[in-house]
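Trainee: Have a look at the structure that comes next, please.
The values are calculated or read from the model by the stated rules, or taken from the named source; none is laboratory data. Only a predicted model underlies this, so the values are computations on that prediction, with no experimental measurement involved. A quick note on method: Cβ atoms are made from the backbone with ideal geometry, for glycine too, and the neighbour counts reach across all protein chains shown.
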Amino acid sequence: MPSSSPIIGTARPALDGPWQRTAQFAGLLDSNGQLASTIFAEMTDLARRTGAINLGQGFPDTDGPRVVLDAAKAAIAQGINQYSPGRGEPGLLAAIAEHQQRFYGLEWDPASEIIVTAGATEALAATVLALVRPGDEVITFEPFYDAYAAAIGLAGGEHVTVGLVPPTFQPDLHELDEAFSDKTRMVIVNDPNNPTGAVFTSEVLQRIVDLAVRHNAIIVTDEVYEHLVFDAATHVPIATLPGARDRTITISSAGKTFSVTGWKIGWAVGPAELIRAVLTVKQYLTYVNGAPFQPAVAAGLRLDDDFYAGVAADLQRKRDILMDGLRRAGLEPFCPSGTYFVLVGTASIGFADAADLARKLPELCGVVAVPASAFVRPEHAERYRSLLRFAFCKQEDVLREAASRLATLR
Ligand code: PMP
Ligand code: GLN
(Lines give C-alpha, C1' and ligand atoms only; values in the text may rest on other atoms or scores of the structure.)
(Ligands and ions follow the chains in the order given, each with its own letter.)
Protein backbone atom coordinates (compact mmCIF):
# COMPACT_ATOMS: atom_id res chain seq x y z
CA MET A 1 0.00 0.00 0.00
CA PRO A 2 1.18 3.56 -0.64
CA SER A 3 2.04 5.70 2.37
CA SER A 4 -1.06 7.24 3.95
CA SER A 5 -1.72 10.14 6.35
CA PRO A 6 -4.84 10.46 8.51
CA ILE A 7 -5.17 14.10 7.46
CA ILE A 8 -4.44 14.19 3.75
CA GLY A 9 -4.97 10.57 2.78
CA THR A 10 -2.60 9.00 0.29
CA ALA A 11 0.67 10.94 0.22
CA ARG A 12 2.98 10.28 -2.71
CA PRO A 13 4.45 12.01 -5.73
CA ALA A 14 1.73 12.71 -8.29
CA LEU A 15 2.59 9.58 -10.23
CA ASP A 16 -0.54 7.44 -9.94
CA GLY A 17 -2.28 5.41 -12.62
CA PRO A 18 -0.29 5.34 -15.84
CA TRP A 19 2.61 6.99 -14.03
CA GLN A 20 3.04 4.17 -11.53
CA ARG A 21 5.36 2.26 -13.87
CA THR A 22 7.46 5.36 -14.51
CA ALA A 23 7.66 6.02 -10.77
CA GLN A 24 8.92 2.51 -10.12
CA PHE A 25 11.57 2.79 -12.83
CA ALA A 26 12.46 6.20 -11.47
CA GLY A 27 13.12 4.83 -7.99
CA LEU A 28 10.40 6.98 -6.39
CA LEU A 29 8.29 3.94 -5.53
CA ASP A 30 9.56 0.48 -4.67
CA SER A 31 8.30 -2.76 -6.21
CA ASN A 32 5.39 -2.79 -3.72
CA GLY A 33 4.29 0.74 -4.64
CA GLN A 34 5.74 2.15 -1.39
CA LEU A 35 7.58 5.46 -1.25
CA ALA A 36 11.26 4.56 -1.55
CA SER A 37 14.38 6.17 -0.08
CA THR A 38 17.65 6.18 -2.02
CA ILE A 39 20.07 3.30 -1.69
CA PHE A 40 22.70 5.73 -0.38
CA ALA A 41 20.49 6.89 2.50
CA GLU A 42 19.53 3.31 3.25
CA MET A 43 23.12 2.05 3.34
CA THR A 44 24.49 4.98 5.35
CA ASP A 45 21.71 4.42 7.86
CA LEU A 46 22.68 0.74 8.00
CA ALA A 47 26.32 1.71 8.65
CA ARG A 48 25.27 4.08 11.45
CA ARG A 49 23.06 1.48 13.10
CA THR A 50 25.66 -1.29 12.93
CA GLY A 51 28.87 0.71 13.36
CA ALA A 52 30.19 -0.87 10.13
CA ILE A 53 32.82 0.84 7.93
CA ASN A 54 30.82 2.82 5.38
CA LEU A 55 32.20 2.25 1.88
CA GLY A 56 28.67 2.64 0.54
CA GLN A 57 27.64 6.27 0.05
CA GLY A 58 30.48 8.21 -1.58
CA PHE A 59 31.78 10.93 0.72
CA PRO A 60 35.32 11.56 1.97
CA ASP A 61 36.27 11.09 5.63
CA THR A 62 38.82 13.93 5.55
CA ASP A 63 38.35 17.63 4.93
CA GLY A 64 39.24 19.44 1.75
CA PRO A 65 41.88 22.17 1.33
CA ARG A 66 42.28 24.49 4.31
CA VAL A 67 42.19 27.65 2.16
CA VAL A 68 38.76 26.66 0.84
CA LEU A 69 37.40 25.97 4.33
CA ASP A 70 38.88 29.21 5.67
CA ALA A 71 37.40 31.19 2.78
CA ALA A 72 33.90 30.03 3.78
CA LYS A 73 34.51 31.06 7.39
CA ALA A 74 35.84 34.42 6.26
CA ALA A 75 32.82 34.95 4.02
CA ILE A 76 30.46 34.39 6.97
CA ALA A 77 32.53 36.76 9.12
CA GLN A 78 32.41 39.37 6.34
CA GLY A 79 28.62 39.23 6.24
CA ILE A 80 28.11 37.28 3.00
CA ASN A 81 25.03 35.70 4.53
CA GLN A 82 22.04 36.89 2.51
CA TYR A 83 20.57 35.67 -0.80
CA SER A 84 23.11 35.57 -3.59
CA PRO A 85 22.12 36.69 -7.10
CA GLY A 86 19.90 34.17 -8.91
CA ARG A 87 22.65 32.99 -11.26
CA GLY A 88 25.21 32.75 -8.47
CA GLU A 89 27.88 35.01 -6.96
CA PRO A 90 29.67 36.85 -9.81
CA GLY A 91 33.06 35.86 -8.35
CA LEU A 92 32.16 32.17 -8.53
CA LEU A 93 30.70 32.48 -12.04
CA ALA A 94 33.99 34.07 -13.14
CA ALA A 95 36.01 31.32 -11.41
CA ILE A 96 33.96 28.58 -13.14
CA ALA A 97 34.59 30.26 -16.50
CA GLU A 98 38.34 30.55 -15.76
CA HIS A 99 38.49 26.90 -14.70
CA GLN A 100 36.80 25.74 -17.93
CA GLN A 101 39.26 27.87 -19.90
CA ARG A 102 42.33 26.79 -17.97
CA PHE A 103 41.73 23.03 -18.05
CA TYR A 104 39.79 22.55 -21.28
CA GLY A 105 40.24 25.68 -23.40
CA LEU A 106 36.46 26.29 -23.35
CA GLU A 107 35.25 29.91 -23.35
CA TRP A 108 31.96 30.69 -21.60
CA ASP A 109 30.33 33.99 -20.78
CA PRO A 110 29.88 34.09 -16.98
CA ALA A 111 26.93 36.47 -17.33
CA SER A 112 24.80 34.28 -19.60
CA GLU A 113 26.29 30.80 -19.98
CA ILE A 114 26.88 29.66 -16.37
CA ILE A 115 24.63 29.20 -13.33
CA VAL A 116 25.33 28.03 -9.79
CA THR A 117 23.06 25.29 -8.39
CA ALA A 118 22.47 23.25 -5.23
CA GLY A 119 25.05 20.65 -6.15
CA ALA A 120 25.10 18.74 -9.41
CA THR A 121 21.82 17.15 -8.31
CA GLU A 122 19.84 20.35 -8.70
CA ALA A 123 21.60 21.20 -11.95
CA LEU A 124 20.50 17.82 -13.32
CA ALA A 125 16.94 18.05 -12.05
CA ALA A 126 16.46 21.61 -13.31
CA THR A 127 17.97 20.71 -16.68
CA VAL A 128 15.74 17.69 -17.19
CA LEU A 129 12.60 19.47 -15.90
CA ALA A 130 13.32 22.48 -18.12
CA LEU A 131 14.07 20.65 -21.33
CA VAL A 132 12.29 17.27 -21.35
CA ARG A 133 8.62 17.23 -22.38
CA PRO A 134 6.24 14.41 -21.37
CA GLY A 135 6.83 11.47 -23.68
CA ASP A 136 10.29 12.60 -24.82
CA GLU A 137 12.94 9.90 -24.72
CA VAL A 138 16.05 10.44 -22.62
CA ILE A 139 19.03 8.13 -23.04
CA THR A 140 21.36 7.27 -20.19
CA PHE A 141 24.03 4.64 -19.90
CA GLU A 142 23.40 1.75 -17.52
CA PRO A 143 24.31 1.37 -14.68
CA PHE A 144 23.22 5.01 -14.15
CA TYR A 145 23.36 7.41 -11.22
CA ASP A 146 19.97 7.11 -9.53
CA ALA A 147 19.05 10.81 -9.77
CA TYR A 148 18.84 10.57 -13.58
CA ALA A 149 15.98 8.08 -13.53
CA ALA A 150 14.13 10.11 -10.89
CA ALA A 151 14.46 13.39 -12.82
CA ILE A 152 13.37 11.77 -16.07
CA GLY A 153 10.38 10.19 -14.30
CA LEU A 154 9.36 13.47 -12.65
CA ALA A 155 9.50 15.22 -16.03
CA GLY A 156 7.31 12.50 -17.59
CA GLY A 157 10.08 11.43 -19.95
CA GLU A 158 10.76 7.92 -21.20
CA HIS A 159 14.04 6.51 -19.96
CA VAL A 160 16.04 4.57 -22.56
CA THR A 161 19.25 2.85 -21.44
CA VAL A 162 22.42 1.70 -23.16
CA GLY A 163 24.39 -0.94 -21.27
CA LEU A 164 28.00 -0.47 -20.22
CA VAL A 165 29.86 -3.67 -20.92
CA PRO A 166 32.35 -5.16 -18.43
CA PRO A 167 35.28 -5.29 -17.98
CA THR A 168 35.92 -1.82 -19.46
CA PHE A 169 32.32 -0.56 -19.08
CA GLN A 170 32.32 1.21 -22.44
CA PRO A 171 29.01 1.11 -24.32
CA ASP A 172 28.51 -1.06 -27.37
CA LEU A 173 28.44 1.41 -30.27
CA HIS A 174 25.81 -0.53 -32.17
CA GLU A 175 23.50 -0.51 -29.14
CA LEU A 176 24.16 3.21 -28.82
CA ASP A 177 23.18 3.81 -32.47
CA GLU A 178 19.99 1.81 -31.96
CA ALA A 179 18.98 3.73 -28.82
CA PHE A 180 18.74 7.05 -30.66
CA SER A 181 15.58 7.90 -32.57
CA ASP A 182 13.63 10.97 -33.55
CA LYS A 183 11.97 10.79 -30.13
CA THR A 184 15.33 11.30 -28.41
CA ARG A 185 15.30 14.68 -26.70
CA MET A 186 18.35 14.28 -24.52
CA VAL A 187 21.28 12.01 -23.78
CA ILE A 188 22.79 12.14 -20.29
CA VAL A 189 26.47 11.23 -20.13
CA ASN A 190 28.35 10.66 -16.88
CA ASP A 191 32.09 10.65 -17.50
CA PRO A 192 34.05 9.70 -15.41
CA ASN A 193 31.31 7.26 -14.60
CA ASN A 194 29.64 6.40 -11.31
CA PRO A 195 29.36 3.50 -10.42
CA THR A 196 31.64 1.77 -12.97
CA GLY A 197 34.70 4.01 -12.68
CA ALA A 198 34.96 4.04 -16.50
CA VAL A 199 36.36 6.99 -18.44
CA PHE A 200 34.74 6.98 -21.87
CA THR A 201 37.01 6.71 -24.89
CA SER A 202 37.17 9.59 -27.38
CA GLU A 203 35.55 7.29 -29.94
CA VAL A 204 32.53 6.76 -27.68
CA LEU A 205 32.25 10.46 -26.85
CA GLN A 206 32.45 11.48 -30.51
CA ARG A 207 29.81 8.89 -31.46
CA ILE A 208 27.47 10.35 -28.80
CA VAL A 209 27.98 13.82 -30.27
CA ASP A 210 27.44 12.64 -33.85
CA LEU A 211 24.21 10.85 -32.90
CA ALA A 212 22.98 13.84 -30.91
CA VAL A 213 23.62 16.08 -33.92
CA ARG A 214 21.90 13.66 -36.29
CA HIS A 215 18.82 13.38 -34.06
CA ASN A 216 18.88 16.97 -32.83
CA ALA A 217 19.21 15.91 -29.18
CA ILE A 218 20.55 17.86 -26.22
CA ILE A 219 23.67 16.46 -24.51
CA VAL A 220 23.81 16.72 -20.73
CA THR A 221 27.16 15.75 -19.32
CA ASP A 222 27.67 15.12 -15.62
CA GLU A 223 31.37 15.66 -15.01
CA VAL A 224 31.44 15.82 -11.20
CA TYR A 225 34.46 13.48 -11.18
CA GLU A 226 36.35 15.52 -13.80
CA HIS A 227 39.52 15.76 -11.70
CA LEU A 228 39.43 12.24 -10.26
CA VAL A 229 41.16 10.28 -13.03
CA PHE A 230 44.02 7.80 -12.73
CA ASP A 231 46.96 6.26 -14.57
CA ALA A 232 47.07 7.39 -18.19
CA ALA A 233 43.40 8.41 -18.31
CA THR A 234 42.57 12.01 -19.10
CA HIS A 235 39.23 13.73 -18.80
CA VAL A 236 37.93 14.99 -22.14
CA PRO A 237 34.83 17.15 -21.66
CA ILE A 238 32.33 16.24 -24.33
CA ALA A 239 31.70 19.97 -24.97
CA THR A 240 35.21 20.21 -26.46
CA LEU A 241 34.41 17.77 -29.30
CA PRO A 242 33.44 19.00 -32.77
CA GLY A 243 29.70 19.68 -32.99
CA ALA A 244 29.05 19.45 -29.25
CA ARG A 245 29.35 22.91 -27.73
CA ASP A 246 26.08 24.39 -28.98
CA ARG A 247 23.94 21.52 -27.73
CA THR A 248 25.71 20.54 -24.50
CA ILE A 249 25.03 21.41 -20.89
CA THR A 250 28.02 20.55 -18.71
CA ILE A 251 27.35 19.93 -15.02
CA SER A 252 29.87 19.72 -12.22
CA SER A 253 30.16 20.27 -8.50
CA ALA A 254 32.55 21.36 -5.77
CA GLY A 255 31.61 18.33 -3.67
CA LYS A 256 34.06 15.82 -5.14
CA THR A 257 37.06 17.95 -6.15
CA PHE A 258 37.23 19.84 -2.84
CA SER A 259 35.83 17.11 -0.56
CA VAL A 260 32.88 19.26 0.53
CA THR A 261 29.90 17.08 -0.42
CA GLY A 262 27.82 18.74 2.32
CA TRP A 263 28.15 22.23 0.84
CA LYS A 264 26.00 21.41 -2.17
CA ILE A 265 27.49 23.92 -4.60
CA GLY A 266 27.34 22.82 -8.22
CA TRP A 267 27.00 24.47 -11.60
CA ALA A 268 25.68 24.14 -15.13
CA VAL A 269 27.48 25.58 -18.14
CA GLY A 270 26.19 25.79 -21.70
CA PRO A 271 24.74 27.92 -24.48
CA ALA A 272 22.83 30.94 -23.15
CA GLU A 273 19.38 29.90 -24.38
CA LEU A 274 19.61 26.47 -22.74
CA ILE A 275 21.01 27.87 -19.50
CA ARG A 276 18.22 30.44 -19.38
CA ALA A 277 15.63 27.65 -19.49
CA VAL A 278 17.45 25.76 -16.73
CA LEU A 279 17.67 28.90 -14.59
CA THR A 280 13.95 29.50 -15.02
CA VAL A 281 13.21 26.13 -13.39
CA LYS A 282 16.06 26.35 -10.89
CA GLN A 283 14.73 29.60 -9.40
CA TYR A 284 11.62 27.71 -8.25
CA LEU A 285 13.52 24.74 -6.87
CA THR A 286 15.99 26.46 -4.53
CA TYR A 287 15.87 30.09 -5.73
CA VAL A 288 19.55 30.63 -4.87
CA ASN A 289 22.31 28.70 -3.07
CA GLY A 290 24.53 29.00 0.02
CA ALA A 291 26.10 32.47 -0.25
CA PRO A 292 29.26 32.05 1.90
CA PHE A 293 30.22 28.79 0.22
CA GLN A 294 30.37 30.42 -3.19
CA PRO A 295 33.48 32.61 -2.71
CA ALA A 296 35.09 29.61 -1.00
CA VAL A 297 34.47 27.38 -4.02
CA ALA A 298 35.79 30.18 -6.24
CA ALA A 299 39.02 30.09 -4.20
CA GLY A 300 39.18 26.32 -4.72
CA LEU A 301 38.73 26.59 -8.47
CA ARG A 302 41.67 28.98 -8.57
CA LEU A 303 44.06 26.63 -6.71
CA ASP A 304 47.19 25.77 -8.65
CA ASP A 305 47.72 22.70 -10.81
CA ASP A 306 49.63 20.92 -8.03
CA PHE A 307 46.49 20.83 -5.93
CA TYR A 308 44.53 19.11 -8.71
CA ALA A 309 47.32 16.66 -9.45
CA GLY A 310 47.54 15.90 -5.73
CA VAL A 311 43.82 15.08 -5.46
CA ALA A 312 44.09 12.50 -8.24
CA ALA A 313 47.37 11.02 -6.95
CA ASP A 314 46.00 10.69 -3.41
CA LEU A 315 42.89 8.88 -4.63
CA GLN A 316 44.87 6.66 -6.95
CA ARG A 317 46.91 5.48 -3.96
CA LYS A 318 43.67 4.77 -2.09
CA ARG A 319 42.25 2.94 -5.09
CA ASP A 320 45.33 0.73 -5.21
CA ILE A 321 45.13 -0.09 -1.50
CA LEU A 322 41.49 -1.10 -1.79
CA MET A 323 42.00 -2.99 -5.09
CA ASP A 324 44.84 -4.95 -3.56
CA GLY A 325 42.79 -5.76 -0.45
CA LEU A 326 39.74 -6.78 -2.47
CA ARG A 327 41.79 -9.13 -4.64
CA ARG A 328 43.42 -10.66 -1.58
CA ALA A 329 39.94 -11.19 -0.15
CA GLY A 330 39.11 -13.29 -3.23
CA LEU A 331 36.78 -10.72 -4.74
CA GLU A 332 36.93 -9.60 -8.38
CA PRO A 333 37.32 -5.82 -8.64
CA PHE A 334 37.13 -4.02 -12.01
CA CYS A 335 39.93 -1.46 -11.90
CA PRO A 336 38.43 2.06 -12.20
CA SER A 337 40.09 4.74 -14.36
CA GLY A 338 38.25 7.52 -12.54
CA THR A 339 35.81 8.49 -9.71
CA TYR A 340 36.17 7.11 -6.20
CA PHE A 341 34.22 3.93 -6.78
CA VAL A 342 35.10 0.38 -7.70
CA LEU A 343 32.68 -2.31 -8.87
CA VAL A 344 33.44 -5.74 -7.50
CA GLY A 345 32.24 -9.20 -8.53
CA THR A 346 31.14 -11.27 -5.52
CA ALA A 347 30.27 -14.58 -7.23
CA SER A 348 33.92 -15.70 -6.83
CA ILE A 349 33.41 -15.98 -3.06
CA GLY A 350 30.01 -17.63 -3.37
CA PHE A 351 27.62 -14.68 -3.32
CA ALA A 352 25.61 -14.42 -6.53
CA ASP A 353 23.12 -11.86 -5.24
CA ALA A 354 24.97 -8.66 -4.31
CA ALA A 355 21.81 -6.86 -3.14
CA ASP A 356 21.21 -9.59 -0.60
CA LEU A 357 24.89 -9.59 0.36
CA ALA A 358 24.89 -5.78 0.79
CA ARG A 359 22.15 -6.02 3.42
CA LYS A 360 23.99 -8.77 5.30
CA LEU A 361 27.52 -7.39 4.91
CA PRO A 362 27.61 -5.33 8.15
CA GLU A 363 26.63 -8.36 10.15
CA LEU A 364 28.93 -10.71 8.25
CA CYS A 365 32.06 -8.57 8.37
CA GLY A 366 31.36 -4.97 9.46
CA VAL A 367 31.53 -3.25 6.07
CA VAL A 368 28.88 -1.43 4.03
CA ALA A 369 28.77 -1.32 0.21
CA VAL A 370 26.09 -0.58 -2.38
CA PRO A 371 24.74 -3.16 -4.85
CA ALA A 372 25.10 -2.26 -8.53
CA SER A 373 21.46 -3.30 -9.02
CA ALA A 374 20.50 0.06 -7.45
CA PHE A 375 21.84 1.75 -10.60
CA VAL A 376 19.87 -0.27 -13.15
CA ARG A 377 16.30 -0.71 -14.32
CA PRO A 378 14.53 -3.53 -12.50
CA GLU A 379 14.28 -5.63 -15.65
CA HIS A 380 18.06 -5.40 -16.20
CA ALA A 381 19.02 -6.16 -12.59
CA GLU A 382 20.02 -9.72 -13.47
CA ARG A 383 22.97 -8.52 -15.61
CA TYR A 384 24.55 -6.73 -12.67
CA ARG A 385 23.32 -9.07 -9.96
CA SER A 386 26.65 -10.10 -8.47
CA LEU A 387 28.29 -6.65 -8.44
CA LEU A 388 28.87 -4.48 -5.38
CA ARG A 389 30.17 -0.91 -5.40
CA PHE A 390 32.78 0.16 -2.83
CA ALA A 391 33.87 3.78 -2.28
CA PHE A 392 37.58 4.43 -1.66
CA CYS A 393 37.47 8.13 -0.67
CA LYS A 394 38.49 7.09 2.86
CA GLN A 395 41.67 7.19 4.93
CA GLU A 396 44.20 4.54 4.01
CA ASP A 397 44.02 2.68 7.33
CA VAL A 398 40.22 2.58 7.04
CA LEU A 399 40.54 0.98 3.59
CA ARG A 400 43.08 -1.56 4.87
CA GLU A 401 40.85 -2.46 7.81
CA ALA A 402 37.82 -2.83 5.48
CA ALA A 403 39.82 -5.12 3.19
CA SER A 404 40.95 -7.34 6.03
CA ARG A 405 37.36 -7.60 7.28
CA LEU A 406 36.19 -8.54 3.79
CA ALA A 407 38.84 -11.26 3.68
CA THR A 408 36.94 -13.09 6.44
CA LEU A 409 33.99 -13.61 4.07
CA ARG A 410 35.77 -16.38 2.20
N1 PMP B 1 26.29 12.96 -10.28
C2 PMP B 1 27.01 11.89 -9.94
C3 PMP B 1 27.47 10.95 -10.98
C4 PMP B 1 27.30 11.65 -8.60
O5 PMP B 1 27.99 10.57 -8.26
C6 PMP B 1 26.85 12.55 -7.63
C7 PMP B 1 27.14 12.21 -6.20
N8 PMP B 1 27.32 13.13 -5.38
C9 PMP B 1 26.11 13.67 -8.04
C10 PMP B 1 25.85 13.84 -9.38
C11 PMP B 1 25.55 14.64 -7.09
O12 PMP B 1 26.43 15.67 -6.84
P13 PMP B 1 26.10 16.82 -5.77
O14 PMP B 1 26.38 16.24 -4.42
O15 PMP B 1 26.99 17.93 -6.14
O16 PMP B 1 24.66 17.16 -5.91
N1 GLN C 1 27.29 10.48 -5.23
C2 GLN C 1 27.42 9.74 -4.02
C3 GLN C 1 27.36 8.25 -4.33
O4 GLN C 1 27.18 7.85 -5.45
C5 GLN C 1 26.37 10.13 -3.00
C6 GLN C 1 25.01 10.05 -3.54
C7 GLN C 1 23.89 10.40 -2.62
O8 GLN C 1 23.99 10.33 -1.41
N9 GLN C 1 22.80 10.75 -3.21
O10 GLN C 1 27.52 7.49 -3.42
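Trainee: Do you know which residues across region 362-378 are within 16 Å of ligand 2 (Cβ to nearest atom) and of a type outside the set (Val, Ile, Thr)?
Mentor: If we filter region 362-378 for residues that are within 16 Å of ligand 2 (Cβ to nearest atom), which is where we start, we get 367-376.
The answer is 369, 371, 372, 373, 374, 375.
Trainee: Restricting attention to region 379-398, which residues are more than 19 Å from residue 144 (Cα to Cα), more than 16 Å from ligand 2 (Cβ to nearest atom) and under 23 Å from the mean Cα position of the chain (by Cα)?
Mentor: Matches in region 379-398: 395 only.
Listed here are the residues, each with its yes/no results for (1) among the hydroxyl-bearing types (Ser, Thr, Tyr); (2) within 24 Å of the chain's Cα centre (by Cα).
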| residue | (1), (2) |
| --- | --- |
| 35 | no, yes |
| 38 | yes, yes |
| 45 | no, yes |
| 59 | no, yes |
| 69 | no, yes |
| 81 | no, no |
| 93 | no, yes |
| 97 | no, yes |
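Trainee: In region 157-185, which residues are surrounded by fewer than 16 Cβ atoms within 10 Å (Cβ to Cβ) and farther than 20 Å from residue 388 by Cα?
Mentor: 172, 173, 174, 175, 177, 178, 181, 182, 183
Trainee: Looking only at residues in region 33-69 that are free of Cβ contacts under 8 Å to residues at least 40 places away in the same chain and among the acidic types (Asp, Glu), which one is farthest from ligand 1 (Cβ to nearest atom)?
Mentor: Looking at the filtered set, the residue picked out is 45.
Trainee: Before we move on, is residue 209 within 14 Å of ligand 1 (Cβ to nearest atom), at negative phi and touching a residue at least 12 places away in the same chain (Cβ under 8 Å)?
Mentor: No.
Trainee: So residue 244 clears everything in (1) within 11 Å of ligand 1 (Cβ to nearest atom); (2) in contact with a helix residue (DSSP H, G or I) (Cβ under 6 Å, 6 or more places away or on another chain); (3) small (Gly, Ala, Ser) except one condition, right? Which one?
Mentor: The one condition residue 244 does not meet is (1).
Trainee: In region 237-269, which residue that is more than 13 Å from ligand 2 (Cβ to nearest atom) and among the charged types (D, E, K, R) is surrounded by the fewest Cβ atoms within 10 Å (Cβ to Cβ)?
Mentor: 246
Trainee: Considering only residues of region 270-299 that are buried (at least 24 other Cβ atoms within 10 Å of the Cβ) and under 23 Å from residue 309 (Cβ atoms), which is nearest to ligand 2 (Cβ to nearest atom)?
Mentor: Among those residues, the one meeting the criterion is 297.
Trainee: Condition first: of a type outside the set (A, V, I, L, M, F, W, C), within 16 Å of ligand 1 (Cβ to nearest atom) and modelled with pLDDT of 95 or more. Can you find one or more residues in region 125-136 that meet it?
Mentor: yes
Trainee: Going by the structure shown, is residue 150 within 16 Å of ligand 1 (Cβ to nearest atom), modelled with pLDDT under 95 and either crowded, with 20+ Cβ neighbours inside 10 Å or not aliphatic (A, V, I, L, M) (or both)?
Mentor: Spelling it out, residue 150 is indeed within 16 Å of ligand 1 (Cβ to nearest atom), modelled with pLDDT under 95 and either crowded, with 20+ Cβ neighbours inside 10 Å or not aliphatic (A, V, I, L, M) (or both).
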